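Okay, so here's the structure we're looking at.
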Amino acid sequence: PPPAFQEEYKPGKHLAEEELKNAISIHHCLATQASDYNKRPNVFYLRTADWRVFLFQAQNTEQMHSWITRINVVAAMFSAPPFPAAIGSQKKFSRPLLPSSTTQLSQEEQLKSHEAKFKAMAAELLEHRASLPEKKVRGKEYEELKQKEEYLGFEKSRYGVYATLLRAKLKTGSGDLAALEVALFNTAAGADDNLKKSQSNPSVHQEPTSTAPQTKHNHRPAPSRLQKS
């Protein structure tokens, strides 16, 4: 289908009321590279707190990684901790509501919250998989089990990304996101070097660190929104 939105945001431009209504909230969101999308290059997914998915296209690969990093860092910094899980006898699975308010925690407390949620989601995912019925199920029961596994897997990934980025930001000791991108780029480059060394020398085993956006540039035109799914 043709792009739903092609205009680029320009700093200082006055936003009309209709544009504000159509703004996408990034609290508790996760931006990821759209590796399985082949129609256009440099596209990334943005999954929002209510599980809507948007596709955006950046001008080049570096800008795509930069947008992914910055969106996720801002979400990690400002998303308030989720509400406690509801207690009840309802068997049907439903995703919990996530607060749209700004966190009141310090950045250090925010990091601890993300780390705790990551561990909790990982443990709950293991428990869910271990408790799956031995016989195959169909219909609504199957859909609910599948939905819960997808939710737990996504939340584990989201909190893992949040914790990794916020940990890196605190380590740089700067609020400058460009400095954070440089630090992540250097970390990724170092990991690549270690991997090459370990491959050339079998006696040395290095665990590569998680890949990070490879970008050093601060100027990034806004990406074009392609479509929503």
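The values are calculated or read from the model by the stated rules, or taken from the named source; none is laboratory data. Treat the numbers as computed from the prediction; the structure is a model and nothing was measured. So basically every Cβ, Gly included, is an ideal-geometry build from the backbone, and we count neighbours across all protein chains shown. Side chains are part of the model used for accessible areas, which takes the heavy atoms of the whole protein and leaves out ligands, DNA and RNA. Shrake-Rupley method; radii C 1.70, N 1.55, O 1.52, S 1.80 Å.
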Check your understanding: Which residue pairs have Cβ atoms closer than 9 Å, lie 6 or more positions apart in sequence or on different chains, and pair a first residue in the stretch 15-31 that is open to solvent by less than 50 Å² (accessible area, probe 1.4 Å) with a second residue that is part of a loop (DSSP other than H, G, I, E, B) and modelled with pLDDT under 90?
Key -> His28/Pro82
Revision key, fill the gap. Among Lys92, Lys112, Lys119, the single one that is among the basic types (Lys, Arg) and at pLDDT below 95 is Lys92
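Only one of these is surrounded by fewer than 20 Cβ atoms within 10 Å (Cβ to Cβ), within 21 Å of Leu165 (Cα to Cα) and free of Cβ contacts under 8 Å to residues at least 24 places away in the same chain: Ser106, Ser94, Ser100. Name it.
The match here is Ser106.
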Revision key, fill the gap. Selection over the stretch 41-62 where residues are outside any loop (DSSP other than H, G, I, E, B), surrounded by 15 or more Cβ atoms within 10 Å (Cβ to Cβ) and out of contact with any strand residue (DSSP E or B) (no Cβ under 7 Å at 6 or more places or on another chain) yields a count of 1
**Study point:** Answer from Leu126, Leu170, Leu132 - the residue that is modelled with pLDDT of 90 or more and more than 23 Å from Thr103 (Cα to Cα)
**Key:** Leu126
Point to revise | Check on Arg158, exposed (fewer than 14 other Cβ atoms within 10 Å of the Cβ) and in contact (Cβ under 8 Å) with a residue 12 or more places away in the chain | key: no
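For the stretch 110-137, which residues satisfy the criterion of being outside any helix (DSSP H, G or I) and not small (Gly, Ala, Ser)?
Of everything in the stretch 110-137, those that are outside any helix (DSSP H, G or I) and not small (Gly, Ala, Ser) turn out to be Leu132, Pro133, Glu134, Lys135, Lys136, Val137.
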Point to revise | Checking Val137 against (1) touching a helix residue (DSSP H, G or I) at 6+ places or on another chain (Cβ under 9 Å); (2) modelled with pLDDT of 80 or more; (3) open to solvent by less than 70 Å² (accessible area, probe 1.4 Å), the condition it does not meet | key: (2)
Point to revise | Single residue of the stretch 76-87 satisfying the filter (of a type in the set (A, V, I, L, M) and out of contact with any Leu (no Cβ under 7 Å at 6 or more places or on another chain)) that is least open to solvent (accessible area, probe 1.4 Å) | key: Ala80
